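Taking it in order: structure first as structure tokens, then the write-up.
The values are calculated or read from the model by the stated rules, or taken from the named source; none is laboratory data. Owing to the predicted nature of the structure, the values given are computational and were not obtained by experimental measurement. Note: ideal-geometry Cβ built from the backbone for every residue, glycine included; neighbour counts use all protein chains shown.
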Amino acid sequence: MARRRVMFVTGTRAEFGLMEHALRQIGKHPGLTLQLVVTGMHLSREHGYSIAAIRQQGWTIDATVPWRGTTAEATGRAMAGLAKVYARLRPDVVLVVGDRVEAFAAAAAAHLAGCVVAHVHGGDRALGQVDDALRHAITKLAHLHFAATKASGQRILKLGEDRFRVHVVGTPGLDGLPAKPQTSQRSAGPLVILHPDGANDAKQQRQARLLIAELTAAGMTGGTIVYPNNDPGWRGIAKAWQGIRGTEWTVHQNLPRQAFLDGLANAAFLIGNSSSGIIEAASFGTKVINIGSRQEGRERSANVVDVPWDRTEIVAAISRAWNGGRPRTYAGTNVYGGGASGAKIAKVLATQELGTRLRQKLIAY
């Protein structure tokens, strides 16, 4: 029997890293063939050109789709380019993750091209800029859902999806991570990951500069900074980070997955508004200071402290996490589970009947 072709469309370093273990499970499954299509931020020199890192890790890239222009323009052009890729490579299933515009473009084009769409991390809540709307739009385009938590699975059902389509598998981003939080010496300084929460470059630059000033005020003299994603407003944050090069802060446009996880495990704490603080950090026992509204609504473990863009509250949270040079750690569980998510996804993709019942969708109530 011919293997099913499962095409993963990836647009960002974070989502590729989160899915890497699952992709390996798909690639080695005897009933599946993995196809990999790269677009979005992976092709941006300003964000570290992470397509090169994907190739260096030994992955075979079956196609690339340009991502140029404003967000709306790039999304439309990418849909047209992806449609051509689907016609040429003829995937049986197109797999996407999360709430990014690249995932939306891939899901919309795939649904209209007659492909089965499988979606990881549907049903989550996260305000972002347009994230929540795009995530649920992808849910309505998808035929199979791989939810990270029971609550997310219930939200998918409330969106009118049939129960047989929904599989609660945990998050693939925790596959291979510690079953219990690690409590290292925390020899490194803070890990700073700040994404834009609005499109105004000047405002985003001010917020980034304010964050460094607040860390300095709390006694932080250095640490690791990772560039923002390519949401509107990112250039303002990048400009702020460029302004502190040559100091004790180390700035990375891009970090390979393992280097990032090592940094997360050894950081005194993570500060900013990254989903990695919400999803992965708890597995390492790393405290997280989550600033602003970008991750509003997302389930989180007790390692996360939420603060507004208020200098007094941020400095106080930093001081508590830093604890006079003896960073506090988290010993609880991760609400996103962990372990074997990738294998569960691969099994469903290999065994699910792809006939009319799956392909034809009717709201379930």
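When ALA321, ALA331, ALA343 are checked against the criterion of being modelled with pLDDT of 95 or more and among the small types (Gly, Ala, Ser), a single residue qualifies: ALA343. Mind listing whichever residues of segment 49-58 are in contact (Cβ under 8 Å) with a residue 24 or more places away in the chain and either of a type in the set (A, V, I, L, M, F, W, C) or over 14 Å from PHE16 (Cα atoms) (or both)? Of everything in segment 49-58, those that are in contact (Cβ under 8 Å) with a residue 24 or more places away in the chain and either of a type in the set (A, V, I, L, M, F, W, C) or over 14 Å from PHE16 (Cα atoms) (or both) turn out to be ALA53, ILE54.
The combined condition, being within 17 Å of GLU214 (Cβ to Cβ), surrounded by 15 or more Cβ atoms within 10 Å (Cβ to Cβ), touching a helix residue (DSSP H, G or I) at 6+ places or on another chain (Cβ under 7 Å) and of a type in the set (A, V, I, L, M), is not fulfilled by ILE345. Among the numbered conditions (1) surrounded by 18 or more Cβ atoms within 10 Å (Cβ to Cβ); (2) within 24 Å of ARG209 (Cβ to Cβ); (3) at pLDDT 95 or above, the only one that VAL307 does not meet is (1).
Considering segment 101-137, the residues that are buried (at least 19 other Cβ atoms within 10 Å of the Cβ) and among the acidic types (Asp, Glu) include one that is nearest to GLY170 (Cα to Cα), namely ASP124. In this entry, VAL166 passes the filter for residues that are of a type in the set (A, V, I, L, M, F, W, C), in contact with a Leu (Cβ under 7 Å, 6 or more places away or on another chain) and not assigned by TED's automatic domain parsing to the domain that holds ALA268.
Looking across segment 1-42, the residues that are over 20 Å from SER275 (Cβ atoms), of a type in the set (A, V, I, L, M) and either under 17 Å from the mean Cα position of the chain (by Cα) or not in a helix (DSSP H, G or I) (or both) come down to MET1, ALA2, VAL6, MET7, LEU32, LEU34, LEU36, VAL37, VAL38. Consider ILE289 carefully, then state whether it is in contact (Cβ under 8 Å) with a residue 12 or more places away in the chain and either surrounded by 13 or more Cβ atoms within 10 Å (Cβ to Cβ) or within 30 Å of LEU34 (Cβ to Cβ) (or both). Spelling it out, ILE289 is indeed in contact (Cβ under 8 Å) with a residue 12 or more places away in the chain and either surrounded by 13 or more Cβ atoms within 10 Å (Cβ to Cβ) or within 30 Å of LEU34 (Cβ to Cβ) (or both).
Within segment 258-279, at least one residue is free of Cβ contacts under 8 Å to residues at least 60 places away in the same chain, among the charged types (D, E, K, R) and surrounded by fewer than 21 Cβ atoms within 10 Å (Cβ to Cβ).
One residue stands out among those in segment 237-252 that are modelled with pLDDT under 90 and not charged (D, E, K, R): the one that is surrounded by the fewest Cβ atoms within 10 Å (Cβ to Cβ), which is GLY246. The set of residues from segment 215-236 being among the charged types (D, E, K, R) and surrounded by 22 or more Cβ atoms within 10 Å (Cβ to Cβ) comprises just one member, ASP231. Here segment 20-42 is the region considered, the condition is being among the aliphatic types (A, V, I, L, M) and modelled with pLDDT of 95 or more, and the residue that is farthest from ILE345 (Cα to Cα) is VAL38. When the residues of segment 102-141 are narrowed to those that are among the basic types (Lys, Arg) and under 21 Å from SER274 (Cα atoms), which ends up modelled with the lowest pLDDT? The residue in question is ARG125. Taken together, GLY233, GLY285 contain a single residue that is in contact with a helix residue (DSSP H, G or I) (Cβ under 8 Å, 6 or more places away or on another chain) and over 16 Å from VAL192 (Cβ atoms), which is GLY233.
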